[in-house]
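Colleague: This is the structure, below, for whatever I ask next.
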Amino acid sequence: MKKSPPIAPELFDILVEFADTVREGEADPNDRLTEASDVIVFCQNFYIQLFQNALGITITALDDAAKEKAVRLRRRLAEKNAPATTLQLITWFERLCEIWPDVLDEVYGGGVEDRLAFYGGYVSKLLRRARAWAAATGLEELDKPIERAARAVTEIVDALGSERDAAASRKRKRAVAKKPGRQRR
Amino acid sequence: MTEPPNKEELLRLLEMDYDRTNKFIEGVLSTIVTIRGWAITISLALLGVGFDRDLSQAALLAVVVTLLFAALDAYHSWLYTQAIDHTRSIEAILARYYASLVRGHIDADATEDFAVKLETHRFGLSANLSRFGWSKIGSLRPRFMVFLYIALLLVAAVAACLIQL
């Protein structure tokens, strides 16, 4: 009987389905992210499954205690010459713990640009690292689902970028409309 | 267990973080003292005017002014609370460094604990300041400031009633 992969391939469909709803106009990627947001649910479940099923530790939150647990694990694995792809996934989890309050807009400075950076920067890189890790550990069944998810995230980033550009264009037009007309000499 | 790479540089940055946070605390404390001074002065001045001119409105204005200063104080106390928590986390790392220097040669866990804490640290106060919310009132420090404003409000309310009589 074939052993199921440590990360369920269906998990990556969350991002694909979200991209579908964005394309159909039923969801706005610009919405403030909460614990119930699709991308957040994806990230949390990805790491829960990774740490529990592949690395043997339980992570239940994205806080300093969880980051500390991950740092201890990473250092232990580095001593044992674990593959770089595994270590890089753990450091990317540490990164998520650091930016978590920003992602959920709980610190001063959050906003649209941070959401764009999160999808385009963090999630995209997470998928790239996940793909590299899956290839290094021989989990071929994850390759296609991750690829589909990566394409979905690219679509979401494009949608966010378009919205931002449209908003900037509207702002410029309003500014030009408010300026008094120049007198012709 | 190995020491973190670039340990000396990390410690230098940690020291910088500590110094900057302490300067921030000094600034915030100075502002808080000023706010409380003004709250007491203006509130009592208004009560004085109220009693002198038999104006209960002055006492009611004292209630409003006290509430405004209380809100301002709460915000700054929130900043102070977060800054204090940040310095404490830095001191916790330095304490583990101290322990690793004292007993690291016989207790590898002491060195490992220090390395883990150092690598787990969230650098920078400003980047980690969370938004103020009224639900966080209970975690503000020092707590006695709540009693100060309750006292000022009670005094103003009682004064308003007395003047009205």
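The values are calculated or read from the model by the stated rules, or taken from the named source; none is laboratory data. These numbers were taken from a predicted model, which means no experiment stands behind them. Cβ atoms come from the backbone with ideal geometry, glycine included; neighbour counts cover every protein chain shown. Keep in mind that these areas ignore ligands, DNA and RNA; they rest on the heavy atoms of the full protein, side chains included. Shrake-Rupley method; radii C 1.70, N 1.55, O 1.52, S 1.80 Å.
Colleague: Being within 21 Å of A:Ala65 (Cα to Cα), more than 14 Å from chain A (Cβ to nearest Cβ), open to solvent by 20 Å² or more (accessible area, probe 1.4 Å) and not charged (D, E, K, R) is the filter here, so list the residues in the range B:88-105 that pass it.
Modeller: Result: B:Leu94, B:Ala95, B:Tyr97.
Colleague: What are the pairs, 6+ residues apart or on separate chains, where a residue within the range B:151-165 that is over 19 Å from B:Phe69 (Cα atoms) has its Cβ under 8 Å from a residue that is charged (D, E, K, R)?
Modeller: What qualifies is B:Ile163/B:Asp54.
Colleague: Looking at (1) surrounded by 15 or more Cβ atoms within 10 Å (Cβ to Cβ); (2) of a type in the set (D, E, K, R); (3) not in a helix (DSSP H, G or I), which one does A:Lys69 not meet, given that it meets all the others?
Modeller: (3)
Colleague: Please enumerate the residues belonging to the range B:106-119 that are open to solvent by 10 Å² or more (accessible area, probe 1.4 Å) and facing chain A (nearest Cβ under 7 Å).
Modeller: Within the range B:106-119, just B:Glu119 meets the criteria.
Colleague: So, one more: Go through (1) over 19 Å from the mean Cα position of the chain (by Cα); (2) part of a helix (DSSP H, G or I) one by one and return the number of the condition A:Gly56 breaks.
Modeller: (2)
Colleague: Does B:Ala115 fit the bill of being at pLDDT 90 or above, more than 21 Å from A:Arg76 (Cβ to Cβ) and part of a helix (DSSP H, G or I)? Spell out how you get there, then give the answer.
Modeller: Details: at pLDDT 90 or above: yes; more than 21 Å from A:Arg76 (Cβ to Cβ): no; part of a helix (DSSP H, G or I): yes.
No, not satisfied.
Colleague: Filter the range A:21-47 down to the residues that are outside any loop (DSSP other than H, G, I, E, B) and in contact (Cβ under 8 Å) with a residue 12 or more places away in the chain and list them by number.
Modeller: Going through the range A:21-47, the residues outside any loop (DSSP other than H, G, I, E, B) turn out to be A:21-23, A:38-47.
Matches in the range A:21-47: A:Val22, A:Arg23, A:Asp38, A:Val39, A:Ile40, A:Val41, A:Phe42, A:Cys43, A:Gln44, A:Asn45, A:Phe46, A:Tyr47.
Colleague: Among what's in the range B:127-156 and is within 14 Å of the chain's Cα centre (by Cα) and part of a helix (DSSP H, G or I), pick the residue that is farthest from the other protein chains (Cβ to nearest Cβ).
Modeller: B:Phe144
Colleague: Kindly indicate whether any position in the range B:55-72 is in contact (Cβ under 8 Å) with a residue 24 or more places away in the chain, surrounded by fewer than 15 Cβ atoms within 10 Å (Cβ to Cβ) and not in a helix (DSSP H, G or I).
Modeller: no
Colleague: Could you list, in sequence order, all residues of the range B:13-43 that are without any contact (Cβ under 8 Å) to a residue 40 or more places away in the chain and open to solvent by 50 Å² or more (accessible area, probe 1.4 Å)?
Modeller: Step one: list which residues in the range B:13-43 are without any contact (Cβ under 8 Å) to a residue 40 or more places away in the chain, which gives B:15-16, B:19, B:23, B:26-27, B:30, B:33-34, B:37-38, B:41-42.
Scanning the range B:13-43 gives B:Glu15, B:Met16, B:Asp19, B:Lys23, B:Glu26, B:Ser30, B:Val33, B:Thr34, B:Trp38, B:Thr41, B:Ile42.
Colleague: Any residue in the range B:101-112 that is farther than 17 Å from B:Glu8 by Cα sitting within a Cβ distance under 6 Å of a residue that is open to solvent by 60 Å² or more (accessible area, probe 1.4 Å)? List the pairs, counting only those 6 or more apart or interchain.
Modeller: Between residues of the range B:101-112 that are farther than 17 Å from B:Glu8 by Cα and residues that are open to solvent by 60 Å² or more (accessible area, probe 1.4 Å), the close pairs are B:Ala108/B:Met1; B:Ala110/B:Arg103.
Colleague: Residues that are out of contact with any Phe, Trp or Tyr (no Cβ under 6 Å at 6 or more places or on another chain) and within 14 Å of another protein chain (Cβ to nearest Cβ): find the helices (runs of 4 or more DSSP H) completely inside the range A:83-165 holding 3 or more of those. Show your work before the answer.
Modeller: Details: elements: A:84-103, A:112-117, A:124-136.
Passing ranges, in order: A:84-103.
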